[in-house]
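Input: a single structure, listed below in structure tokens.
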Amino acid sequence: MGAGHGHKLHFHGHSAIHRAPAHLKVLALLGFMIVVVATPRTWYAAFALYLLALVVVIAISRVPLTYLLKRSVVELPFVFFALLLPFVATGPQTEVLGVSVSQHGLEAGIALLVKGTLGVLASLTLAATTEPQDLLAGLERLRLPVQLVQIMAFMVRYLDVVTGEMHRMRIAREARGFDARNPRHWPVLARSAGALFIRSYERGERVHLAMLSRGYTGRMPR
Amino acid sequence: MSVPVLDVRGLAYAYPDGHQALFGVDLHVHRGERVALLGPNGAGKTTLVLHLNGILQAGAGSVAVSGLPVEKANLREIRRRVGVVFQDPDDQLFMGTVRADVAFGPANLGLAGAELDRRVMAALDQVGMAEYVDRPPHHLSYGQRRRVAVATVLAMEPEILVLDEPSSNLDPASRRELADILRSLDVTVLMVTHDLPYALELCPRSVVLSGGTVVADGATYDVLTDEVLMEEHRLELPFGFDPRTALPPGR
């Protein structure tokens, strides 16, 4: 495990966006998303305006646009669905590049694509400019129930530990001749997933013991 | 004789599945001592440790810490007095920053504000990790995490520090640095370990636990040079190590 800073989604910087209080950024993102989702899907000028606003924010934050675009591949399943919509939806047909598609589906697909991309870019900008710890503190200031914040905090803390464990198990599998392309080896994957679950569960118990040992009585200290 | 920091009498324990791990353990540790708890795998060492701060409740017999019996009513004070450092620092360090982690124990004791800060920084100073106070624990090296794990317990100003395999998985330099830190602390130490040279280096006294009972209790040097005892309880010195020629500091 390295000694680097921050999380994979975080881009280290000191811009005004980086320094803005986390709870304000969360509220801004939430407000932005509500406005984007509520905008009628044929108001294309409005969407262009949203994109422009977002690009301005990204420019101020000095996070390279390519950095965000690379990470927006998480959107791919939605893109696939959006591309599929014009072909599966019913209703009046229209011609695009000589292919007959559903007018209704085409509009829905474009709207999904546009709204989804705006959402993903905005969320990635928040993640790139806010340390996970600050984000959690921000959510707490927004009066999110403490239990939820704690669960997220533990997730952030143990994400690397569990993925590290997963990575070591994969290496151990492959070192003993496991081949992911061979269907006869697939049951092993299921058993590995089960083993990972049990290991994580047992780690949870050990962490709980360590917490009890330091006087934990069911409430995190403030 | 003064009241021992740790007073274990006739402690027996069976797990809920019926497996009996301890069969009447007697152990006394006095203020300022550093004691190694040795024994083969499955001897009951971890089970014993979990009794010292009341995670497990004695089936029979008793445990007292500086005269205070380990009972439900006293658990909070017991857990302040007994600081347990678990083997895997990833189990011990569960908060997002080193500061929050070291503060967790004392904050549970009700400390806050400047006094809490003072405790945190003092504990981190003792293990030489003060400059890492705002880093997330999972970004530290393994040796650094082990040292922070020790600090999380030191911040509670315990009367006895209980360490489970403190030298495991450390590279030789980190292992030596941890030894220097432990030697510099003014606190009673009980150290569970398989690392016999480490026990000889740090602990003048050793207790051997085997099959759920104490089978030897004496000077570490005498225990490690008792070949019959060592062989009987699956204790082995690493290749090339001879306590007779290894001179621990201060002897």
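What follows is calculated from the coordinates using simple rules that are stated; it is not laboratory data. Everything numeric here is computed off the predicted structure, so don't read it as measured data. Positions of Cβ are generated from backbone atoms using ideal geometry, with glycine treated the same way; all protein chains shown enter the neighbour counts.
See the values below:
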| read-out | value |
| --- | --- |
| Within the stretch B:100-133, considering residues that are in contact with a helix residue (DSSP H, G or I) (Cβ under 6 Å, 6 or more places away or on another chain) and charged (D, E, K, R), the one nearest to the other protein chains (Cβ to nearest Cβ) | B:Asp101 |
| Options A:Arg214, A:Arg157, A:Arg203; residue that is under 24 Å from A:His12 (Cβ atoms), surrounded by 17 or more Cβ atoms within 10 Å (Cβ to Cβ), out of contact with any Cys (no Cβ under 9 Å at 6 or more places or on another chain) and within 10 Å of another protein chain (Cβ to nearest Cβ) | A:Arg157 |
| In the stretch B:68-94, the residues that are more than 7 Å from every other protein chain (Cβ to nearest Cβ), buried (at least 20 other Cβ atoms within 10 Å of the Cβ) and in contact with an Asp or Glu (Cβ under 6 Å, 6 or more places away or on another chain) | B:Arg81, B:Leu93 |
| Segments classed as helices (runs of 4 or more DSSP H), wholly inside the stretch A:1-110, with at least 2 members that are closer than 30 Å to A:Arg143 by Cβ and either within 14 Å of chain B (Cβ to nearest Cβ) or out of contact with any Cys (no Cβ under 8 Å at 6 or more places or on another chain) (or both) | A:16-19, A:22-38, A:44-61, A:65-71 |
| Every residue from the stretch B:21-66 that is out of contact with any helix residue (DSSP H, G or I) (no Cβ under 7 Å at 6 or more places or on another chain) and among the small types (Gly, Ala, Ser) | B:Gly24, B:Gly32, B:Gly42, B:Ala43, B:Gly44, B:Gly59, B:Ala60, B:Gly61, B:Ser62, B:Ala64 |
| All positions within the stretch A:74-122 that are of a type in the set (Ser, Thr, Tyr) and crowded, with 18+ Cβ neighbours inside 10 Å | A:Ser102, A:Thr117 |
| Entirely in the stretch B:1-56, the strands (runs of 3 or more DSSP E) that have 3 or more residues that are in contact with a strand residue (DSSP E or B) (Cβ under 8 Å, 6 or more places away or on another chain) and not aliphatic (A, V, I, L, M) | B:6-14, B:20-29 |
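Yes/no per residue for (1) touching a residue at least 24 places away in the same chain (Cβ under 8 Å); (2) farther than 30 Å from A:Asp160 by Cβ; (3) loosely packed, with under 13 Cβ neighbours inside 10 Å:
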residue: A:His18; (1), (2), (3): yes, no, no
residue: A:Ala28; (1), (2), (3): no, no, no
residue: A:Thr42; (1), (2), (3): yes, yes, yes
residue: A:Leu49; (1), (2), (3): no, yes, yes
residue: A:Ile58; (1), (2), (3): yes, no, no
residue: A:Thr66; (1), (2), (3): no, no, yes
residue: A:Arg71; (1), (2), (3): yes, no, no
